[in-house]
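We did not get these values from a lab; they are worked out from the coordinates using the rules stated. Quantities reported herein were computed from a predicted structural model and do not represent experimental measurements. FYI the Cβ positions are ideal-geometry reconstructions off the backbone, even for glycines, and counts take in every protein chain you see.
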């Protein structure tokens, strides 16, 4: 590999620079949950304007004075115009490089010169990797069907709870629907390239081995599905308010015993925001409700209705709808999840191997002198979230890990128990203001 480094970059000063969530406090607003991935991690940001085409003709090498970055730092190093690198005879436009650098400078605090140099090396290596992959895909004449890209995009959007949340992400993440689709398309091209040599093949034996060796991921605790009528009254309420609330909940209980439908009693008596859902709290396990509520609910049988139960948020009448005993998920139930995660990990490994081969066999001439920052290895634990393309200009973050997650918290959570409690506690009461 030939390396041409006619310019040495000096250092520059720059401004720049998601198991269980914390239980909500009784009176403090809770921030809306973020998707992803994810929590989910989010796709790499893209410039607002369309990026420069790395394959169009560029001018000869020139040096210009770096412009000031609006609301950010300046990079004092003279900037190259024309190609920033030549990859197998194909020029890579410097605009691509400086667009990425300027985005970092604009949103960063002061960056030490040596760190800025590493950042530049990372950007350039990522652009070179992308160009090498692009050339390999083009040579193999690969093009993913648009319906596949659209399906991947639709799955990606499902990570967000609402359309509003997704639009918010687009706005504040400086990405567009087209830039997300472009990254998904690039990732699918790379998968097709690796699939040609069976590099992403996952056997049933591999899947079963992982399942047997990681049993802890598939053990589910005892859970119940319940609903309730809630009459709210503060723990330190006056005697008059306490008696008033107790009278109201007993009326609700009596009417249910006389034949009133539970959901009708919820509509008539309940103060909780689960009213529109008939008081439904969804599925929950031990440690998610305050103890008086939990003890009563887990001691009941399906379809049984409790007498009024007092918690620090008021009085409840509980109906248990279904119960699930603690159990291990069957292999067939999680097989597709395991395959998806192992394939994502193998994709990352094989992509790195392919890039090492392309770099060794190719001719790369860098026009600036920056340190090379090779792609880091994937997580050693195959159950860790797989993020193909992360840090390499690839696709948006991969789906969550194959390790199963607990059922989501009820949309009608109760306030947490004492902060010292090790497990998240929630009571089926009104969520704090601003809760989704």
Compute the length gained on full extension between residue 236 and residue 208: take 0.36 nm times their separation in residues and subtract their Cα-Cα distance, giving the result in nm to one decimal.
4.6 nm
If you find the alpha carbon centre of segment 90-110 and of segment 134-179, how far apart are they in angstrom?
22 Å
Nearest-0.05 FRET efficiency for residue 177 and residue 267, computed from C-beta distance (R0 45 Å):
0.65
Cα-projected label distance for residue 168 with residue 150, points at 7 Å along beta-carbon direction, nm:
2.9 nm
Run the simple label-point estimate for residue 140 and residue 336 please: 7 Å along Cα→C-beta, distance reported in nm.
2.6 nm
Cα shape, segment 222-325, gyration tensor, a/c 1.5 rule
oblate
Which distance in Å, rounded to a whole number, links the C-alpha centroids of segment 248-284 and segment 289-352?
22 Å
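Does segment 115-171 come out rounded, prolate or oblate, given a ≥ b ≥ c as the square roots of the eigenvalues of its C-alpha gyration tensor, rounded meaning a/c under 1.5 and, failing that, prolate meaning a/b above b/c?
Verdict is oblate for segment 115-171.
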Order of 248, 277 from fewest to most other C-beta atoms within 10 Å?
277, 248
